[in-house]
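Asker: I have a structure here, written as C-alpha cells, and I will follow up with some questions on it.
Derivation of every value follows stated rules applied to the coordinates shown; laboratory data play no part. Here the structure is a predicted model, which means the values were calculated and not measured. Quick reminder, even Gly has a Cβ in these numbers, built from the backbone with ideal geometry, and neighbours come from all protein chains shown.
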Amino acid sequence: MNDHTLNHYAPPRARVADLTPDEPAAELRLFSHQGRIGRLRYLAYVTGASMVYGIAISVVTALTITSPVLTMVATLALLVALVWFTMVSGIKRCHDADLSGWWSLLGFIPLVGLAFIVVPGTQGANRFGAPPPSNTWGVRLLAVVLPVVCVIGILAAIAIPQYAIYTAKARAAQQAGQR
C-alpha cells in the first residue's frame, strides 16, 4: 500500500458506462387527461386552480352583485371548471402510479385524496407514457403555498381567540387594580 507512484489527491477514475441514459420526459398537456404528473406538480396544479377559482369568484361576485341569478350561474360554471380540472389532474396522477384514471374518483372521499400526494409514481416509463418532467421552481413554490396557508390558518384559528381571552383578562385585572 505504500506505492510511491499513487497520487492520493487525484480524483478517482471509474467506468460509468453501466449507467443507463436518462429517459426523455413526457410533454405536459395541462388540460388533457392523457399523460402523467408527479405528486408535487399535482399539488401545485390543484392549489393554483383553487386560487384562480377564488379570485374568479370574487370578481364575478363583485361584477354581478345586483343579479343573484347571474352570480349563481357564473359560480356554478366556475365550480364545474374547477372540478373538471381537478379530475383531469387526478387522472394524470393516477397514470403516474400506473393506475387507471377511474381511481381518481376516490379523490371525492374525504382524506382519501391525500393518497394522490403521498403515493409515489412509478420510476421510468409505464403503460401511460414517459415519466413526467422534473419540477420547476414555480411548481415547487406553488405546491408550498397550500401547506403554509393551512398551517397559518390553523395557528390563527387557535391564537386569535386565545389572544382575545388574554386581553379580556388583562383588562379585567387592570380595572380591578385601579379600584
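Asker: Using alpha carbons only, how many degrees (0 to 90, rounded to 10) separate the axis of helix 68-96 from the longest principal axis of the chain?
Answerer: Once rounded, one gets 20 degrees.
Asker: Given an 8 Å cut-off on Cα distances and at least 6 residues of separation, report the relative contact order of the chain as a percent. The partial results should precede the final answer.
Answerer: On the way: 169 pairs, mean separation 55.9, N = 179.
Averaging sequence separation for qualifying contacts and normalising by length gives 31 percent for the chain.
Asker: May I pose another question? Tell me which residues come under 5 Å, amide H to amide H, from Ala97 once H is placed; ignore anything under 5 positions away on its chain.
Answerer: Thr122
Asker: Given the DSSP H assignment, sum -39500 (n - 2.57) over each helix run of at least 4 residues in the chain and divide by its residue total; what's the result at 222 nm in deg cm²/dmol, nearest 500?
Answerer: Working: 4 runs with 100 residues, N = 179.
Only helices count here, giving -20000 deg cm²/dmol.
Asker: A further question on this structure: Considering the values [x] 296; [y] 150; [z] 113, which represents volume of the Cα convex hull per residue in Å³ as calculated for the structure under consideration?
Answerer: [x]
Asker: In nm, give the distance between the simple-model label positions of Ala130 and Met51, each being 7 Å from the Cα along the Cα-to-Cβ direction.
Answerer: For the pair Ala130/Met51, the computed spacing is 2.8 nm.
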